[in-house]
1. Would the stretch A:1-50 count as rounded, prolate or oblate if I go by the C-alpha gyration tensor, calling it rounded below 1.5 in a/c and otherwise prolate when a/b exceeds b/c, oblate otherwise?
2. Enumerate the lysines that B:Lys139 could reach by cross-link, defined here as Cα to Cα under 24 Å, with residues fewer than 8 away along the same chain left out.
3. For chain A, what does the helix formula give at 222 nm: sum of -39500 (n - 2.57) over DSSP H segments with n ≥ 4, over the residue count, nearest 500 deg cm²/dmol?
4. Just the Kirkwood number for the stretch A:97-141, please: inverse of mean 1/r across all distinct Cα pairs, in Å, one decimal.
5. Select from chain A the helices, each a whole stretch of DSSP H, whose alpha-carbon atoms run 27 Å or more along the helix axis and whose Kyte-Doolittle mean is at least -1.0; answer none if there are none.
6. Give or take rounding to whole Å, what are the principal axis extents of the alpha carbon atoms in the stretch A:64-200, in descending order?
7. Report the semi-axes of the equivalent ellipsoid for chain A in whole Å, largest first, where each axis is √(5λ) for an eigenvalue λ of the Cα gyration tensor.
8. How big is the charge dipole of chain A about its Cα centre, in debye rounded to the nearest 20, if each Lys and Arg gets +1 on its Cβ and each Asp and Glu gets -1 on its Cβ?
Amino acid sequence: MPELNADLVASVILILVKIGVFFAVCMTLLAYVTLVERRLLAFFQERHGPDRVGWQGLLQPLADGIKMFLKEDITVSGADKVVYILAPIVYVATALMVFTVIPFGNTIWPETMEIGGRVYNFTIASANRGIIADVNVAILIVFAISSIGTYGLIMAGWGSNNKYALLGGVRATAAMISYELAAGLTLVGIIMTTGTMSMMEIVEFQSGYWFGVIPKWFCFSQPLAFVIFLIAAFAETGRTPFDFTECENELVAGYQMEYSSMKFGLFYMAEYGHVIAASALIVTFFLGGWQGPFIDLAVLKYFLPIIYFSVKTFVLVFFFIWVRATFPRFRYDLLMKLGWKVLLPAALLNILITPFVMMLFGRM
Amino acid sequence: MELILFFILGGMALTAALCVVLQRNPVYSALFLIHAFLCIAGLYLLLGAEFMAVIQIILYAGAVMMLFLYVIMLMNIGGEGPEYAAGERMRRVINIGGVLAMISVIGLGISTTLFYGGPQLGPKGSYGPRIAENIGNTKAIAHLLFTDYILPFEITSILLLAAMVGVVYLARRIRAH
C-alpha cells in the first residue's frame, strides 16, 4: 500500500465538498426556477400566480415536491415497464450532468493553505478552481451528454405505449438532432479563435476590454454565432416558441403524457435543468462566463466571479421565461425548415467568416 | 485502479454485447448496444484517448443508434421468438456448431494479440502517447488527419457524400407522368 499523498487527500476533500455544495445549490435553484417562472408568467399575464404558500409563495416548491411524492404512481398497462421507468432517469441524469463541465467561478479557494502547522496544496485536478471537471474536450462532452439525453425522450415516448407520446418523442429527438448540429457548428468559430475546447480557457480568453469599454465577450465578436446558438438553445430545451414535444393542442402532452407522480416530477425537473444548463452554456460561451470588473481584488476574488456568473445566468433564465410569455408556438415543419435551411447554412457561413476576421484583425 | 476499471468496463461491455444478441425484443437489443458503446467509450478514456471517447459517444451511441432506434420503434418490429419447423432441428445443430467455431476463432484472434509482443504493438511513429499527451489528443488527431492521412480522409468524406446523394435519389418522390 503506497503512502497516501496529503496534498491529494486535501484536494479530493475539497473537490467532494465542492461537488456537494454545487449539487445542493443546483437542486434548490431548480426547484425555485419553477416558482420564478410561474410568478413571472403570472406577472406578464396580469394575474397573481402561486403566492399563498409562505411569504410570496416561497414555500411553493416544497409543497409541489410533497404533492409529487404523494400522488399515485401509475404505470399504464401495456407500457414497457423497464423502458418506461428508465426514461425519466436517463433524461434527468443527463440534464444534471452538463453542469460538471461548466465553470461557475474563477479561483474559489487559495492554492496553498496552512492547516495544523502543515501546508496543503489544493491545485491537484484544479480542485481550487470554480469548475467540477476541467476537461480539455468539454465542448464535445456537452454535446455527447445531450445526445444521450435524447434517448430519455424517445424511450419515454415508446415505453408508454401511446401514439401521442411516441409522436412527441419522435418530434423531440428530430428537433434536438437537427438543432444540435447548428449549435455545434456555431461553436467552431469560438474553438478556432481560442484554439481550445476547455471551458475554463474559453472564459479566460474573454477577459479584457475593447477601447476600454466593450468587454471582450464572444457575443460581440461573433454576433451571428450568438444568435444561432440562442435560437438552437430554445429548440433543444423544448421551450415555448419550439415546444412541439408537449404541444397540448396536437399531442395532449407529448412524451410525458402517461407519466404521473414523481416520474412526471423528474421530467419537470429535467426541463428546468435544461433551461438553467442552456443559460449557463450561453453565458460561458458568449457572455464572458464569470468575467466582470474587479475580479482581481484580493478581498473579492473568490466570490465575485461566482456572483457575476449567477447573475448572468439568471438574466438568461429570465429571458427564456420572457420569451415563453411573449411568443406563440411555431409550426413544426417551419421548425425543421428553420433548422436545416437557415440556421445550418448561417452557422457554416460563420465558420467561413471567422478565419477571414482572424487573418485581418488577429485572434480577438 | 486502471486494471479494476478495465475489468468493470470490459465486463459490462461484454455482457451488454451478449445481451444485444440474446434479447428477443429488438428495442432492448438496441438499448444494450448503446450501453456497450458507452462502456467502450469508457475504455477509450482509460487509454487516455478522451477525444476518441467523446466522438464514440456522439457518433455511435448518439447519432447512429438513434437512427436504429427510430427505425425499430416506428416500424414496430415485434419481439416474436423464432419458430422452428419439424425438419429444422438439423439446421439448428449446424448453427450452434458454426457459432462455437466462430467463438474459438475469435478467441484465438484475441489471444494472439495478447501474447505476441512483436513490433506492431506499442508506440511507434511520430505521434506516440507522450507527444499526444503534450499537445492534447484533439490536436494530435487533427494533425494526423490533415497532414499524413488527408487523402483517405477526403476519400471517406466523398464516399459518405455519394452515399447521401444515393439515399436522397432513392427516397425521392416519384411523380406520376
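Every read-out reported here was derived from the displayed coordinates using simple, explicitly stated rules and does not represent laboratory data. Here the structure is a predicted model, which means the values were calculated and not measured. Don't worry about glycine lacking a Cβ; one is built from the backbone with ideal geometry, like all the others, and counts go over all protein chains shown.
1. Numbers: a/c = 9.44, a/b = 7.15, b/c = 1.32.
Judged from the Cα gyration tensor, the stretch A:1-50 comes out prolate (a/c at least 1.5, a/b above b/c).
2. B:Lys124
3. -20500 deg cm²/dmol
4. Working: mean 1/r = 0.0858 Å⁻¹.
Averaging 1/r across every pair of different Cα atoms and inverting gives 11.7 Å.
5. On the way: long enough: A:6-44 (55 Å, 1.90); A:138-159 (32 Å, 1.74); A:163-194 (46 Å, 1.12); A:261-286 (38 Å, 1.19); A:304-326 (33 Å, 1.71).
Result, helices passing both filters: A:6-44, A:138-159, A:163-194, A:261-286, A:304-326.
6. For the stretch A:64-200, the Cα extents along the three principal axes come out at 64, 42, 24 Å.
7. Here the semi-axes work out to 35, 28, 21 Å.
8. That gives chain A a dipole magnitude of about 600 debye.
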